[in-house]
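Comments concern the structure below.
The values are calculated or read from the model by the stated rules, or taken from the named source; none is laboratory data. None of the values given here were measured: they were computed from a predicted structure. All Cβ positions, glycine included, derive from the backbone under ideal geometry; neighbour counts span all protein chains shown.
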Amino acid sequence: MITDLSVQQEIEKELQWDAGVNPNHIAVLVKNGEATLAGDVDSYWEKCEAERAAWRVAHVRKVVNHLRVELPFAAERGDDDITLAAMGILEWNCTVPATVEVAVKGSVLTLAGTVGRAYQREEAERAMAGLVGIKGIVNSVRVEAGAGDARAGIEEALKRSALVDASHVKVHVTGGVASLRGTMKTRAEWEEAMRAAWAGPGVVKVEDHLAVG
């Protein structure tokens, strides 16, 4: 029988197994399949990695990440230094357009501007996550509206996917907003469904009404 305690123990084992996470200062609590992570980590990247580790465990329906980033002295950087490093990374990234801007205040990095497709917005944030000295990322990049009938394309992409049971997903698109409703067995299936929706032409927002588990 699967219980919250057994899921909690599996998450703790996964955190121990993940070489990118120091689990000694991370507490895990699971209630009704929803996992909460609390404690301190040394970097923003480790905070993200701990959340990914929790999602890899079967029967996890939701992850609430309350981990605090407490930078070691050697990892502390000034806001100006972080800004210059971030600008350099974006300049050398061939998938992020020059319309994306970056600002840093109190070690929290904010991305702004516009992009043509959602994957560019995601790539900008992914590229920043490993920066030394940051405590958080605010992604305010907007996806510009485009032309095209996205619903049929999203439905076809879901049917092609080896990860998604398309019969359990309903797609509705209006005014550039795609809405997904249904039930996903795993986080990986959810991620694939969301990726397919965001790839639709003209999609500027995806409303997530999918249940995991």
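Looking only at residues in the range 36-62 that are over 18 Å from Leu109 (Cα atoms) and assigned to a strand (DSSP E or B), the one that is nearest to the chain's Cα centre (by Cα) is Lys62. The residues on offer are Val171, Val141, and the sole one that is in contact with a helix residue (DSSP H, G or I) (Cβ under 7 Å, 6 or more places away or on another chain) and within 16 Å of Asp208 (Cβ to Cβ) is Val171. Screening Val63 on (1) touching a Phe, Trp or Tyr at 6+ places or on another chain (Cβ under 7 Å); (2) in contact (Cβ under 8 Å) with a residue 40 or more places away in the chain shows it passes everything except condition (2).
When the residues of the range 51-80 are filtered to those that are out of contact with any strand residue (DSSP E or B) (no Cβ under 6 Å at 6 or more places or on another chain) and small (Gly, Ala, Ser), the one that is nearest to Trp190 (Cα to Cα) is Ala58.
The set of residues from the range 7-23 being out of contact with any strand residue (DSSP E or B) (no Cβ under 9 Å at 6 or more places or on another chain) and either outside the structural domain of Cys48 (by TED's automatic domain parsing) or surrounded by fewer than 18 Cβ atoms within 10 Å (Cβ to Cβ) (or both) comprises Lys13, Gln16, Trp17, Asp18, Ala19, Gly20.
In this structure, Ala85 does satisfy being on the phi < 0 side of the Ramachandran plot, buried (at least 17 other Cβ atoms within 10 Å of the Cβ), modelled with pLDDT of 95 or more and in a helix (DSSP H, G or I).
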